[in-house]
Each structure stands twice: as structure tokens, then as C-alpha cells.
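K.L.:
Attaching a single structure in C-alpha cells format; questions to follow.
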Amino acid sequence: MSRAGVPRLELEGAEELRVAVVAARWHETVMAGLLDGALRALAEAGLTDPVVLRVPGAFELPVACARLARAQYDAVVALGAVIRGRTPHFEYVCQAATSGLTQVSVQTGTPIGFGVLTCDDEQQALDRAGLQGSSEDKGYEAAQAALATVLALRPHVSDPPADRAR
């Protein structure tokens, strides 16, 4: 896992944003790390009370994110973990989550922080979950990416989600 190229994101002004975090329940230890990382990133940016919604798994992330994106949130952070098994189920869930979250973001214009781990085994997920001893903190990174995208768009877009007609 390379940390080369990780950007330093400027998040000044993020404290006024409305942000929701949607987290799957599968792989609870991994999810606890991802959720903690996302909430830590939001707190560091000055957001003290983000909405947190738990859904069963990664497959359910797009519909939950779509509802929240349309409910006037400036950004949504999607967190999940899909670990390869011995059937094609892994590919179906990964494709559905990725395509669904991309579609939500493009159709609503609401940035979605993509914190869905797609790993070959549990150790890879633990290494990316932001737990003690993890080499990466993908929940933290996903939250920062969502905030940074909202802030980058602000000077160029006159209709933030809170002002858009439904």
C-alpha cells in the first residue's frame, strides 16, 4: 500500500456544511474503524454533529445516500467493506455499490465520499480501516474528500444542495 501522492486537502469553511455519514454493518470491526476515522475527520474540520445512518451492507449504501443527498445535505460519506469470498457475490456487490454511489453523486450533484473497501481478505480491510496498527485510514480520507469537493465547487456553483429545488 503506497501512501505516495496523498493530497493535503484544505478544509477551511467546512464547519458550516451539512454532512451525513452512511455506514454499513457488515464486518463490524472494520466498520468501527472506518466510522471513527470519518467522524474524526469531520470533527477536525469543525463539524460537531453529523448525521450517522447505519444500513445492513454495502449494497444498501446507494439508496441511503441518494435519500440523504436529496434531503439537502452538502455531502454524504459512504462507508462499507466487501471482502472477497468463494463466489461471484463479491463482484456483484462491489459493482452495485460503486456504480450506485457514482450515479447518486452525478445525478444529485452532491459529493459522496467513497469509503467502501473492496478487499481480497480480512487483513487487507483491517490494514485500511484506520484501526490501531492500520497503515491507512480510508474512512478519514473519504470524509475529507467529500468536504474538499464541496468546498472546491462552492466558488463555481451557485446552487448548493440546500438551495436546490427538489
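The values are calculated or read from the model by the stated rules, or taken from the named source; none is laboratory data. Note that the structure is predicted; figures quoted are calculated from it, not measured. Every residue, glycine among them, receives a Cβ derived from its backbone with ideal geometry; neighbour counts consider all protein chains shown. Accessible surface areas use protein heavy atoms only, side chains included; no ligands, DNA or RNA. Shrake-Rupley method; radii C 1.70, N 1.55, O 1.52, S 1.80 Å.
K.L.:
Scan the stretch 37-57 residue by residue and report those that are within 15 Å of the chain's Cα centre (by Cα) and over 16 Å from ALA146 (Cβ atoms).
P.N.:
ARG54, VAL55, GLY57
K.L.:
Something else about it: Take the residues in the stretch 1-16 that are open to solvent by 10 Å² or more (accessible area, probe 1.4 Å) and closer than 20 Å to ASP49 by Cα, then tell me which one is modelled with the highest pLDDT.
P.N.:
The qualifying residue modelled with the highest pLDDT is GLU16.
K.L.:
Condition first: open to solvent by less than 40 Å² (accessible area, probe 1.4 Å) and either β-branched (Val, Ile, Thr) or more than 10 Å from the chain's Cα centre (by Cα) (or both). Now tell me which residues in the stretch 128-146 satisfy that.
P.N.:
Result: ALA129, GLY130, SER134, GLU136, ASP137.
K.L.:
Filter the stretch 90-126 down to residues that are within 21 Å of ALA146 (Cβ to Cβ) and surrounded by 16 or more Cβ atoms within 10 Å (Cβ to Cβ), then give me how many there are.
P.N.:
Looking only at that region, the number is 19.
K.L.:
Right, here's the next one. Would you check which residues across the stretch 125-154 are in contact with a Lys or Arg (Cβ under 9 Å, 6 or more places away or on another chain) and not aromatic (Phe, Trp, Tyr) and list them?
P.N.:
ARG128, ALA129, GLY130, SER134, SER135, GLU136, ASP137, LYS138, GLY139, ALA143
K.L.:
Sticking with this structure for a sec: Across the stretch 63-89, which residue is farthest from ASP36 (Cα to Cα) among those that are open to solvent by 20 Å² or more (accessible area, probe 1.4 Å) and assigned to a helix (DSSP H, G or I)?
P.N.:
The selected residue is HIS89.
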